[in-house]
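Asks: One structure follows; several queries about it will come next.
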Amino acid sequence: MIKLIVSDIDGTLIPYGQKDLPSDLFPLIRRLHRAGVLFCPASGRQYYSLRRLFAPAAEEMYFLCENGGAVFGPGGLEDAPVLSSAPFPRETALALSRDIRSLAGCPALISGLRWGYVYGGYPPALARNLEQEIGSRIRQVEDPEEIGEEIVKISAFCAEGPEEAAKALGPKWSGWNMAVAGPNWLDFGVAGKGDGVRGLCKALGIGLEEVAAFGDNWNDLSMLQAAGESWLMASAHPELRARFPRQCESVTRVLEEKLAELEK
């Protein structure tokens, strides 16, 4: 029996180019909770962004953030417990940030457990977009050395797409969970979403075979491989579609079907 639903956000629950969750998702999350099934968004976004996005149902939820770099339990914006985290070695994080900064047109976003950090020429319009459209908490620093908290993810924003940045950074940094995360982002972390799912399952005493996962992109791969039941969005890359035959066009439609079985 499925006891935990984990779902990617961008490209899975929210189509690229949009910013609002499906209006019927929150009643489904509450019904799942009453039926004994927990819901956990699994995203490259930070906790603050996810907690605000899911505010109507957040008190009953868990949050897998920063592509598995941090997992939070139920709680408020400031006091939710950290169930697991996977920080970079500090010197590694600083070196990777500088290598991203050296690429033309690919500013770096550095993610701590509670804040995102931008520095040195990060486009102000992009920082505003992260705050206003994505709901992230962003701080400007003069140098990454100023960041006092653990660093759990580092991202390159690639206006022309992440392919060239992946070619440039891959030979040196691909061992640090390098993954394309949408049309414009290349993410690096110590952990992947699969690690986050395993950490959450351990904290909850749930087996991986009791997890259903939904995703659409390469940064979802480890999560989809870890879960007992994996759903890929029908819009995903052909190579991913070849790996995961269970596919859907709507997460909420699948959840409705699962609830219909549970509520019989």
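Asks: In the chain, if the dipole is taken from +1 on Lys/Arg beta carbons and -1 on Asp/Glu beta carbons about the Cα centre, which of 245, 260, 89 is farthest to the positive end?
Replies: Value computed over the given set: 260.
Asks: Now a separate question. How many angstrom lie between the Cα centre of the range 168-228 and the Cα centre of the range 40-89?
Replies: 15
Asks: Taking the 0 to 90 degree range and rounding to the nearest ten, how far is the long axis of helix 163-173 tilted relative to the main principal axis of the chain, both from C-alpha atoms?
Replies: Approximately 80 degrees, to the nearest 10.
Asks: Within the range 1-108, which trypsin sites (Lys or Arg not before Pro) sit in a loop by DSSP and count at most 13 neighbouring Cβ atoms inside 10 Å?
Replies: 19
Asks: Return an integer: the convex hull volume of the alpha-carbon atoms of the chain, in Å³ per residue.
Replies: Normalising the Cα hull of the chain by residue number yields 118 Å³.
Asks: Provide the per-residue ³J(HN,Hα) series for the range 93-100, in order, calculated from phi with Karplus coefficients 6.51, -1.76, 1.60 and θ = phi - 60°, each as a whole number of Hz, with x at glycine and proline positions.
Replies: Listing the rounded values in order: 4, 5, 5, 4, 4, 5, 5, 5 Hz.
Asks: A further question follows. With a cut-off of at most 16 other beta carbons within 10 Å, and DSSP calling the residue loop, which GluC sites (Glu not before Pro) in the range 39-95 qualify? Please list them. Walk me through the intermediate numbers first.
Replies: On the way: sites: 59, 60, 66, 78, 91; in loops: 78.
Sites meeting the loop and neighbour criteria: 78.
Asks: Let me ask something else about it. Please give, to one decimal in nm, the separation of the simple spin-label points placed at residue 26 and residue 160, each 7 Å out from Cα toward the Cβ.
Replies: Distance between label points: 4.2 nm.
Asks: Here is a follow-up. Of the options 208, 148, 135, report the single residue whose Cα projects farthest towards the positive end of the charge dipole of the range 130-262 (beta-carbon charges: Lys, Arg +1; Asp, Glu -1).
Replies: Selected residue: 208.
Asks: Take the Cβ-Cβ distance between residue 33 and residue 249 as r, set R0 to 22 Å, and report the resulting FRET efficiency rounded to the nearest 0.05. Write out the running numbers ahead of the final one.
Replies: Values: r = 25 Å, r/R0 = 1.12.
Result of the calculation: an efficiency of 0.35.
Asks: If each residue of separation counts as 0.36 nm, what is the full-extension length gain between residue 241 and residue 202 once their alpha-carbon separation is subtracted?
Replies: In short, 11.2 nm is gained.
Asks: Quick check: residue separation of residue 149 and residue 90 times 0.36 nm, minus the Cα distance between them. What number comes out in nm?
Replies: Gain on extension, residue 149 to residue 90, equals 20.2 nm.
Asks: Putting +1 on Lys and Arg Cβ atoms and -1 on Asp and Glu Cβ atoms, find which of 50, 77, 14 reaches farthest to the positive end of the dipole of the range 6-86.
Replies: 14
Asks: So for each of 126-137, 154-165, 235-246 I average, over its residues, the number of other beta carbons within 10 Å; can you give me the resulting order with the highest mean first?
Replies: Details: 126-137: 15.6, 154-165: 19.1, 235-246: 12.9.
Packing proxy ranking, top to bottom: 154-165, 126-137, 235-246.
Asks: Take a quick pass over the chain and tell me how many lysine pairs come in under 27 angstrom between Cα atoms, counting only ones 8 or more apart or on separate chains.
Replies: 16
Asks: Only residues of the range 19-47 count here: report those whose backbone N is under 14 Å from the spot 7 Å along Cα→Cβ of residue 256, or say none.
Replies: 22-29
Asks: Given charges of +1 on the Cβ of Lys and Arg and -1 on the Cβ of Asp and Glu, with all other atoms neutral, how large is the dipole of the chain about its Cα centre, in debye to the nearest 20?
Replies: Charge dipole, the chain, about its Cα centre: 280 debye, nearest 20.
Asks: Round to the nearest 10 and report in Å² the accessible area of residue 26, as given by a 1.4 Å probe over the protein chains' heavy atoms.
Replies: Its heavy atoms expose roughly 30 Å² to the probe.
Asks: Measure nothing but the geometry: give the 0 to 90° angle between the long axis through the Cα atoms of 251-262 and the longest principal axis through the Cα atoms of the chain, rounded to 10°.
Replies: Once rounded, one gets 30 degrees.
Asks: May I ask for the angle, rounded to the nearest 10°, between helix 25-34 and the longest principal axis of the chain, with both axes built from Cα atoms and the value confined to 0 to 90°?
Replies: Roughly 60 degrees, rounded to the nearest 10.
The values are calculated or read from the model by the stated rules, or taken from the named source; none is laboratory data. Fair warning: this is a prediction, and the values are worked out from it, not measured in the lab. Neighbour counts are summed over all protein chains in view; Cβ atoms, including those assigned to glycine, are modelled from backbone coordinates with ideal geometry. We work out accessible area using only protein heavy atoms, side chains counted, and drop any ligands, DNA or RNA first. Shrake-Rupley method; radii C 1.70, N 1.55, O 1.52, S 1.80 Å.
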